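Student: Structure in C-alpha cells, see below.
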Amino acid sequence: MTTPQEDLLPGTRRALLRRIALAQAEGRAPSLVAAVARDGRAVWHGARTSVEGHGPDEHVQYRVGSITKTFTAVLVLRLRDEGALDLGDPLEKHLPGTGAGEATIADLLAHTSGLAAESPAPWWERTPGSLRPELADVLGEQPLLHPVGRRFHYSNPGYTVLGALVEKLRGEPWEEVLRGDVLEPLGLDRTSARPRAPHAGGWAVHPWADVLLPEPTEDLGRMAPAGQLWSTTGDLARFAVFLARGDDRVLSAETVREMRTPAAPAEASDVLDGSAYGLGLQIRRQDGRLLVGHSGSLPGFLANLTISVEDDVAAVVLANCTSGPQLSDVGADLVRIVADAEPRIPDPWRPMSEVDASTLEVAGPWYWGTYAFAVRLSADEGVSLEPLSGSGRRSRFTANGDGTWTGREGYYAGELLKAVRRADGTVSHLDLGSFVFTRRPYDEEASAPGGVDPEGWRGIG
C-alpha cells in the first residue's frame with residue numbers, strides 16, 4: 001500500500017525537508033513541523049527539532065493563534081447560509097449595546113469594522129481571559145478607532161464579537177458550536193480549544209543568545225474565537241483541503257470561494273505588496289501565485305496555512321517559538337516547491353452531460369462595440385464570457401433557470417446577462433447590465449444604442 005510520503009518524488013521530498021531545515025536552523029526554533037496536501041489529501045510531513053531523537057509528527061498539537069479566526073469565520077458563514085443572519089446585518093440587530101453596532105457582520109469578518117486591533121490593557125495574549133469576562137471588557141469604552149467600512153484595520157476584538165454572535169444565535173458556547181459544526185464533520189479530532197497530549201510547549205528564544213524562556217499558556221476566555229485553538233499539521237492539512245474545495249457537511253464550494261474573495265479595501269501598502277483580506281482569510285500574490293490562508297501567533301507559537309487553489313497544493317507550518325522563522329515565506333516556498341517540481345496534471349477533458357439548446361445558442365463570438373468577446377460553455381465553468389485578445393473584462397455566470405445568468409466575479413459580478421430575442425425567437429443580441437453584445441461589430445440588425453450609420457463601414461479617401 002502506498003504511503004503519503006511516497007506520493008512525491010524523492011527530489012521533491014528532499015527539497016521540502018531542506019526548506020524546513022533552513023527555517024528551523026536559521027529561525028532558531030525549538031521545533032518546526034510542516035505538512036503538504038495535494039489532490040485533496042496530505043502527501044508529505046516533515047519535522048525538525050532541537051531535541052535529539054524527538055521528531056514531532058502530524059499528531060502533535062501546537063497553538064495556532066489567529067488561524068482560529070478562519071474557523072470562527074466558517075461558523076458565521078454557516079449561520080448566513082442557514083438564513084440566521086445576513087452579512088449586511090448591522091451588529092446591533094443581533095448583539096445590541098456593544099458600542100460598535102453600526103458595523104456589519106461582513107465588516108467584522110473582513111476587519112473593516114473600525115474596531116481597535118487589541119483589547120484594552122493588560123496584554124491579552126499573556127494574561128488570563130478571566131480579566132475580560134464581558135464583551136465590554138474586550139471592546140473598551142471607545143471601541144471604534146476608524147469609520148465603519150472605510151479601511152482595513154486588523155482587529156482581534158472583532159473576532160471576539162463574532163464568537164459572541166455565534167453563541168447568541170446558536171445558544172451554545174463557541175467551543176461547542178465549533179466542535180459540532182466543523183471539527184467533527186471534517187474529522188479534525190486533534191483540534192481543540194485546550195491542549196491535549198501530545199502537544200508542544202511554547203518558548204521564547206533570546207534574540208542575542210541561544211537560550212530559552214518558557215512562555216505562559218493562557219486560556220483566552222472571551223478572546224478565544226480570535227486565537228485560542230490548538231491543532232496539528234495533520235488536521236490543518238485537512239482543513240486546508242476544505243477551504244479549497246468546500247464540503248457540503250460544513251460549507252459549499254461556492255461559500256468557501258466567497259471566503260477567498262477580497263472583501264476589504266486595500267491600503268497603499270497592501271497594493272504594493274499584493275495582499276488583501278477576504279472573509280476570514282488572508283490573500284496575497286507571491287512569485288506569481290495567488291495564495292490564500294492565514295497566519296497565527298501567540299507567545300510561544302507561530303503558525304501558517306497557505307493554499308494555492310490553482311495548483312491544488314496547500315502547506316501548513318507550525319513552530320513553538322514566539323519569534324524567529326518567517327512561516328508565511330516558508331509556507332509559500334513549500335507550495336512553490338511542489339507546484340514547480342511536480343505540476344498539477346489536468347483532469348481529463350469530458351463533454352457536458354447535458355446542455356439546454358437555448359444556452360448553446362448564445363455560445364461563440366460576440367462584439368461589444370468593436371471589442372471581440374466569446375461566450376463559452378464548459379462542463380467545469382458553466383457559462384463564461386472572456387475577451388478574445390488582451391486582458392479585458394471576463395466573468396463566469398450562474399444560470400438562474402429562466403434563460404438568464406448572473407455574473408459571479410470581476411466587473412460583471414452580480415450583473416444580469418440575458419439573450420434578447422426577436423419575434424421569431426432567434427437571438428438578436430445579448431444584454432449584460434445594459435451593455436449590448438452583437439454577433440457583428442455594431443450590427444445594424446440588432447438594437448445598438450445610438451443606432452448605426454446607414455452608410456455602414458467605409459474607408460478614408
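The values are calculated or read from the model by the stated rules, or taken from the named source; none is laboratory data. These figures come from a predicted structure and were not determined experimentally. Neighbour counts are summed over all protein chains in view; Cβ atoms, including those assigned to glycine, are modelled from backbone coordinates with ideal geometry.
Student: Inside region 1-115, counting only helices (runs of 4 or more DSSP H) that do not spill past its ends, which hold 1 or more residues that are more than 28 Å from R151 (Cβ to Cβ) and in contact with a Gly (Cβ under 8 Å, 6 or more places away or on another chain)?
Tutor: So the answer is 10-26.
Student: Being of a type in the set (A, V, I, L, M) and at pLDDT below 95: is that true of L131 here?
Tutor: Yes: the conditions hold for L131.
Student: Go over the candidates L305, L377 one by one and state the one that is under 25 Å from the mean Cα position of the chain (by Cα), surrounded by 16 or more Cβ atoms within 10 Å (Cβ to Cβ) and in contact (Cβ under 8 Å) with a residue 12 or more places away in the chain.
Tutor: Values: L377 fails: under 25 Å from the mean Cα position of the chain (by Cα).
Going through L305, L377 in turn, the sole match is L305.
Student: What about D247, is it surrounded by fewer than 22 Cβ atoms within 10 Å (Cβ to Cβ) and touching a residue at least 12 places away in the same chain (Cβ under 8 Å)?
Tutor: Numbers: surrounded by fewer than 22 Cβ atoms within 10 Å (Cβ to Cβ): yes; touching a residue at least 12 places away in the same chain (Cβ under 8 Å): yes.
Spelling it out, D247 is indeed surrounded by fewer than 22 Cβ atoms within 10 Å (Cβ to Cβ) and touching a residue at least 12 places away in the same chain (Cβ under 8 Å).
Student: I've got another one for you. Among the residues of region 219-231, are any closer than 25 Å to H199 by Cα, touching an Asp or Glu at 6+ places or on another chain (Cβ under 9 Å) and acidic (D, E)?
Tutor: no
Student: Looking at S50, S119, S66, which one is hydroxyl-bearing (S, T, Y) and touching a Lys or Arg at 6+ places or on another chain (Cβ under 8 Å)?
Tutor: From the options S50, S119, S66, the qualifying one is S119.
Student: Still on this model: Residue check: is G369 at positive phi, small (G, A, S) and touching a residue at least 60 places away in the same chain (Cβ under 8 Å)?
Tutor: So G369 fits the description; yes.
Conditions tested, residue by residue: (1) modelled with pLDDT of 90 or more; (2) exposed (fewer than 12 other Cβ atoms within 10 Å of the Cβ).
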| position | (1), (2) |
| --- | --- |
| G390 | no, yes |
| T404 | yes, no |
| G414 | yes, yes |
| A446 | no, no |
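Student: List every residue pair whose Cβ atoms sit under 9 Å apart, with the two residues 6 or more apart in sequence or on different chains, where the first one lies in region 50-68 and is within 12 Å of A319 (Cα to Cα) and the second, anywhere, is of a type in the set (K, R).
Tutor: So the pair list comes out as S50/R28; V60/R190; Q61/R190; Q61/R196.
Student: Which of the residues spanning region 184-231 are within 30 Å of D248 (Cβ to Cβ), touching a residue at least 24 places away in the same chain (Cβ under 8 Å) and surrounded by fewer than 18 Cβ atoms within 10 Å (Cβ to Cβ)?
Tutor: Residues satisfying the conditions are P185, G187, D189, R194, R196.
Here's the yes/no breakdown for (1) closer than 20 Å to S297 by Cβ; (2) crowded, with 23+ Cβ neighbours inside 10 Å; (3) in contact with a His (Cβ under 9 Å, 6 or more places away or on another chain):
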position: L9; (1), (2), (3): no, no, no
position: A21; (1), (2), (3): no, no, no
position: V51; (1), (2), (3): no, no, no
position: P56; (1), (2), (3): yes, yes, no
position: V74; (1), (2), (3): no, yes, no
position: R78; (1), (2), (3): no, no, no
position: D89; (1), (2), (3): no, no, no
position: T98; (1), (2), (3): no, no, no
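Student: Enumerate the helices (runs of 4 or more DSSP H) found wholly within region 206-313, keeping only those where 2 or more residues are in contact with a strand residue (DSSP E or B) (Cβ under 6 Å, 6 or more places away or on another chain), under 21 Å from R336 (Cα atoms) and assigned by TED's automatic domain parsing to the domain that holds L75. Let's see the steps before the verdict.
Tutor: Values: elements: 224-227, 233-245, 253-259, 268-273.
It comes to 233-245.
Student: Still on this model: For region 95-108, give me each residue that is in contact (Cβ under 8 Å) with a residue 24 or more places away in the chain and over 10 Å from Y154 (Cα atoms). I'd like the intermediate steps shown before the answer.
Tutor: Taking region 95-108 and keeping what is in contact (Cβ under 8 Å) with a residue 24 or more places away in the chain, we get 95, 98-100, 102-108.
Answer for region 95-108, where residues must be in contact (Cβ under 8 Å) with a residue 24 or more places away in the chain and over 10 Å from Y154 (Cα atoms): L95, T98, G99, A100, E102, A103, T104, I105, A106, D107.
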